[in-house]
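These notes are about the structure you will find just below.
The values are calculated or read from the model by the stated rules, or taken from the named source; none is laboratory data. Keep in mind the model is a prediction, meaning the values are calculated, not measured. As a convention, Cβ positions derive from the backbone with ideal geometry for all residues, glycine included, and neighbour counts pool all protein chains shown. In case anyone asks, the SASA skips ligands and DNA or RNA and just uses the protein heavy atoms, side chains included. Shrake-Rupley method; radii C 1.70, N 1.55, O 1.52, S 1.80 Å.
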Amino acid sequence: MAPSKQYDEGGQLQLMEADRVEEEEECFESIDKLISQGINSGDVKKLQDAGIYTCNGLMMHTKKSLTGIKGLSEAKVDKICEAAEKLLSQGFMTGSDLLIKRKSVVRITTGSQALDELLGGGIETLCITEAFGEFRSGKTQLAHTLCVSTQLPLHMHGGNGKVAYIDTEGTFRPERIVPIAERFGMDANAVLDNIIYARAYTYEHQYNLLLGLAAKMAEEPFRLLIVDSVIALFRVDFSGRGELAERQQKLAQMLSRLTKIAEEFNVAVYITNQVIADPGGGMFITDPKKPAGGHVLAHAATIRLMLRKSKGEQRVCKIFDAPNLPEGEAVFQITTGGLMDVKD
Ligand SMILES: Nc1ncnc2c1ncn2[C@@H]1O[C@H](COP(=O)(O)OP(=O)(O)OP(=O)(O)O)[C@@H](O)[C@H]1O
């Protein structure tokens, strides 16, 4: 479908944020800047072809993996890394500097004030937030709401950015976006145009999509990446105990990629996870279910949320694990306009 004329002329983000651009500051150094440090453009192109679009992203690769790129010798890689180090001041920083860096964290509203308060303001950029829970507990509906709220301006608790959505189960519904956008007073077509969507069919496909995203994120202001669900394809593509070690290793690689994207582009990463029966949970535990993915997922996700059904369209979110949030629960409801507070 051709984009609407209104979108051609500006787009939702530009329309809503024309007067607030000063709040945005680029959080990364483009890989092209290496040219000013004496690296030839052919070698920069090789890095881009390998999915590396920023100097920050480059520093997240080991030299071993960089020499694996066709045409880059060890000597070249050393020179490239030296040049990137000059552009970035990485290494130790003071606590105060880190506090300033943390100020760039954006918190994106979930649509429910109660849930936002539980989360300290909303879904955070620079880290991975995981939601797990049984089917119909609201994981995908939260993803849909975030697709819209991320595009709100910062003063409306949005992220003023675009959204990338990787769907492994085929549950994304663009038609759900329309009433959610209307609820926030946004133009639904523009909102849909600011979401890039890909359906993944294998875990390898899922990983390759992440590699391709770096190019897009280096060019346009993204603020949210959704992977719904992060684990489903791993559970299909690897079977049995015999393949468990390999599955966990590949899952760790994928999650490491997600963490790096979050930090490289100041993006919020929202992933959904499934629950599995926990026979070790003991007979006194009323609902012996635990998140899938084991320790690998537990370590990668910074904020882990457990969703469960309550009466009617009401759902409960519990902080399962988070470094700086107190334990607690929030009740919200799923409506046509997305997640909202429960009205008494
Ligand atoms: N338009 C709507 N209005 C109100 N509630 C809705 C609407 N669309 C979906 N829901 C509610 O959302 C629920 C589905 O939630 P969701 O798809 O987020 O579940 P999930 O946790 O992702 O589950 P799964 O693991 O099956 O993907 C439905 O059961 C329904 O109650």
Review point. Taking 0.36 nm per residue of separation and subtracting the Cα-Cα distance, what length does fully extending Glu313 through Met60 add?
Key: 86.8 nm
Review point. In whole Å, how far is the Cα centre of region 70-126 from that of region 294-341?
Key: 24
Check your understanding: Can you give the accessible area of Glu169 in Å² (nearest 10), computed on protein heavy atoms with a 1.4 Å probe?
Key -> 80
**Study point:** Accessible area in square angstrom per residue, the chain, 1.4 angstrom probe
**Key:** 50
Check your understanding: If we count trypsin sites (Lys or Arg not before Pro) as exposed when they sit in a DSSP loop and have at most 10 other beta carbons within 10 Å, what is the longest stretch of the chain that avoids them all?
Key -> 104-310
**Study point:** Pairs of Lys in region 30-89 closer than 18 Å at Cα, counting only those 8 or more apart or on different chains
**Key:** 21
Exercise for review: Jot down the radius of gyration and Dmax of the chain, Cα atoms only, both in angstrom.
Suggested key: 20.8, 67
Review point. Comparing Thr168, Thr54, Thr62, which has the greatest mean-square fluctuation in the GNM of the chain with Cα pairs linked when under 10 Å apart?
Key: Thr62
**Study point:** Listed residues His144, His299, His157, His61 arranged by accessible area, highest first, probe 1.4 Å
**Key:** His299, His157, His61, His144
Revision key, fill the gap. Taking protein heavy atoms only, a 1.4 Å probe, and rounding to whole percent, the accessible area of the chain owed to carbon and sulfur comes out at 53
Study note, to complete from the structure: Nearest 10, in degrees from 0 to 90: the angle of helix 139-149 to the longest Cα principal axis of the chain is 60
Practice item. List the relative contact order of region 108-259 as a percent without decimals, with contacts defined as Cα pairs under 8 Å and 6+ residues apart. Key: 24
Review point. Can you give me the relative contact order of the chain as a percent, contacts being Cα pairs under 8 Å and 6 or more apart?
Key: 21
Exercise for review: On a 0 to 90° scale, report how tilted helix 174-183 is relative to the longest principal axis of the chain, with both axes built from alpha carbons and the result rounded to the nearest 10.
Suggested key: 80
Check your understanding: For the chain, what is the mean residue ellipticity at 222 nm derived from helices alone (per DSSP H run of n ≥ 4: -39500 (n - 2.57); sum divided by total residues; nearest 500 deg cm²/dmol)?
Key -> -11000 deg cm²/dmol
Revision key, fill the gap. Placing each pseudo-label 7 Å from Cα in the direction of the beta carbon, Asn40 and Ala277 end up separated by a distance in nanometres of 6.3
Check your understanding: Hey, what angle do you get for helix 74-87 against the long axis of the chain, alpha-carbon based, 0 to 90 degrees rounded to 10?
Key -> 70
